[in-house]
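Notes follow once the structure below has been shown.
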Amino acid sequence: MTEAGTHIGSGGPVPLPRSLPSERPAYRGPEARLERLHAYFLEGCTDQIRPVLESVLSDARRVHAGYADDEVGDGLASVWYAATAIVELGAALELDEADVRGAGAAIAEACALPLSAARYVLFREVVGSPRLLELPPLVAIELQLGLLLGLDVLADVSLWTRTSSGIDCIVARGADVRPSRRVRAEAKATLRGRSRLSLLGGSQLRAAPVLRFGEAFAAVVGRIGSVEQSVADAYLSETAAALSPVIERERLLEHSASRERTLIASAERRLMRLGFDLHDGPIQDVLALAGDVQLLQKQVYPFILEDYRDQAHGRFDDLSARLVELDRQLREIAHSLETKSVISRPLGEILHREIDNFAERTGIQAELEIRGDPDSLSSAQRITVFRAIQETLANVREHAGATHVTVRVRARRSAIELQIVDDGIGFEVERALAKAAQRGRLGLVGIGERVHMVGGTFELESQPGGPTTLKLTLPRWEPLSSN
């Protein structure tokens, strides 16, 4: 997004969002400022984020109506809209500092506030948004720290946490992207509860502890930008309070991921044992039975009347062919139970192999589209995606009568989406699922249960005549990493 014009407030000259607020609008009335703010955010946004902003505007209009006063409602709804739009843009990785500065100037005009006060109002509204707790923790943290730069509170900022060997910087934003020793010392002093002034004297560095049960377990450190120390401290205090539940959620997710890895390893061992049991038991029995059938064919062939020998030969061939197919299916099942490669190898590589094998075996045209990087999924989520594709393709092969199937995987920052579409004969979803459950065939039902267990959503759309579309969405979590 670009800017035009300037606004002189208590924070000094800052760029303005295009026509806000130096150019007065030619219209007045309810929602005037709200509509102008929406037009500002829409300009230059991508097609993907446009529907999101339209939804935010719709919600903001309800907020406006709730105040039952056009003038007051327009200003306060504008604050709500700007804060929510900033969060959504940050979630979609479409937010830049110009958006933040322009929104601050717009709030100053909408609420008749000094620029410094408008910025603080906007900041508190953003960091207090419950939507932040729905985002991957790293995304939420980067968004919150980025606000301090966009509002010119700090020139650079970093977040530090305790480790078994000392402290680590997990996020750094601004000019000092490689925090100095003085910044590290400031973070260490804050985590230990020591005075900053005794350590660094009159430094421009300021810090605030992130508390958990009254104890500092992280620290936000920043170098003051264009504000007074007391103002920077106020912002840092709000930031630390807002970061506490975000980092706590990240730790809970990390703990859950650790337990998940243990469970996955245990389940993997069981599945591998089941695969070995299939290979050493039923598969070998099928091979032995096929040999017995061939031997029986040779033994009885001389005793069959010549007029019936061709017919008997065909029956034996059919029986042998069925045994060969049974052997193939059992080997496929045994192979599908091997989840180690799904966990350890790139997911895109695994999916391409699965799609190619499906197309080669069935003659059905199949294509795979992958957008983004899906490899940050947890082990359980990777297996869920793989099993969903595997089960759906099996259904396409056996029941759909399709000539073409498309598998689309889209990895966004906050979620991964899977869509599988085939051009087969289709079916009535509720009736088909009910019949499958009655017969004990729980493939699609099992996919839904597996998706729900890892916190995702599952949809199946079809109708007689087709097409059939399976959609699932899984939340994405990226662990905090050291810089």
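The values are calculated or read from the model by the stated rules, or taken from the named source; none is laboratory data. A quick note: this is a predicted structure, and the numbers were derived from the prediction, not measured. A quick note on method: Cβ atoms are made from the backbone with ideal geometry, for glycine too, and the neighbour counts reach across all protein chains shown. Please note that ligands, DNA and RNA were not included when accessible areas were found on the heavy atoms of the full protein model with its side chains. Shrake-Rupley method; radii C 1.70, N 1.55, O 1.52, S 1.80 Å.
Computed quantities for the displayed model
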{"quantity": "Estimated distance in nm for a label pair at Glu325 and Arg62, the labels positioned 7 Å out from Cα along Cα-to-Cβ", "calculated": "5.4"}
{"quantity": "Accessible surface, the range 384-473, averaged per residue in Å² (probe 1.4 Å)", "calculated": "50"}
{"quantity": "Cα→Cβ-extended label distance, 7 Å offset, between Gln311 and Arg361, nm", "calculated": "3.6"}
{"quantity": "Estimated vicinal HN-Hα couplings, Hz - the range 287-296 in sequence order (Karplus 6.51, -1.76, 1.60; Gly, Pro = x)", "calculated": "4, 5, 5, 4, x, 5, 5, 5, 5, 4"}
{"quantity": "The range 203-247, accessible surface, carbon-and-sulfur percent (1.4 angstrom probe)", "calculated": "52"}
{"quantity": "Label-point separation, Val72 to Glu215 (7 Å along Cα→Cβ), nm", "calculated": "4.6"}
{"quantity": "Apportionment of accessible area to carbon and sulfur, the range 99-197, percent (1.4 Å)", "calculated": "49"}
{"quantity": "Whole-Hz couplings from phi, Karplus 6.51/-1.76/1.60, listed for the range 78-93; x for Gly and Pro", "calculated": "5, 4, 4, 4, 4, 5, 5, 4, 4, 4, 5, 5, x, 5, 8, 6"}
{"quantity": "Karplus-derived HN-Hα couplings along the range 142-151 (A = 6.51, B = -1.76, C = 1.60, θ = phi - 60°), whole Hz, x at Gly and Pro", "calculated": "4, 5, 5, 5, x, 4, 5, 7, x, 8"}
{"quantity": "Long-range HN-HN contacts of Gly225 with modeled amide H, under 5 Å", "calculated": "Leu154, Ala155"}
{"quantity": "Whole-percent carbon and sulfur share, accessible surface of the range 353-430, 1.4 Å", "calculated": "43"}
{"quantity": "The range 88-234, relative contact order in percent, only Cα pairs under 8 angstrom and at least six apart counted", "calculated": "20"}
{"quantity": "Cα-based shape type of the range 106-181, given that a ≥ b ≥ c are square roots of the gyration tensor eigenvalues and the cut on a/c is 1.5", "calculated": "oblate"}
{"quantity": "By average C-beta atoms within 10 angstrom, highest first, the peptides 301-308, 163-170, 350-357, 38-45", "calculated": "38-45, 350-357, 163-170, 301-308"}
